[in-house]
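Heads up: the structure comes next, in structure tokens.
Readers should treat all values here as calculations from the given coordinates under stated rules, not as data from a laboratory. The model shown is predicted, which means the values in this text are computed figures rather than measured ones.
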Amino acid sequence: MHPSISSSFPGPRTYGEVQFFNTNNYLQGIDCDFLFEKSSAYFPSEDAPRRAAALLPKAKILTMFDQQKGFWCQLLEEGKTKCLGSEGQKYPPMEPEARSYLSRYYREHNIDLSKLLHRLGQPLPSWLREELQKIS
């Protein structure tokens, strides 16, 4: 691996992706190498939003958790939200056999995810609630 490339290692503060505002990377300053991408894990601590605002004072992107959709969305000035989605693409309905197979395949993972979200005090997305209702 090239010496200038750093990898993300699993840990209690990394969530499986490279963190900047929540780790010692922030203390290395703006000149340290880092990569920004769409992520729900930019602000996992109370210090992270303050650090982001100090580093990027002109940034105007706010997000809010959309209870109905079950994920974070950009909050627009009019109070509306803009969320990533299928971007207008239409998909054919999923065959019942395929849906049943995927539900069985991901059953244990979905149970583990629900336990994690509960432990973190986060609401369950609607799709996960629906899947768990099928299980019980």
How big is the range 96-135 in terms of Cα radius of gyration and Dmax, in angstroms? 10.6, 34
Per the rule of 0.36 nm per residue minus the C-alpha distance, extending Glu97 to Leu117 adds in nm 4.4 nm
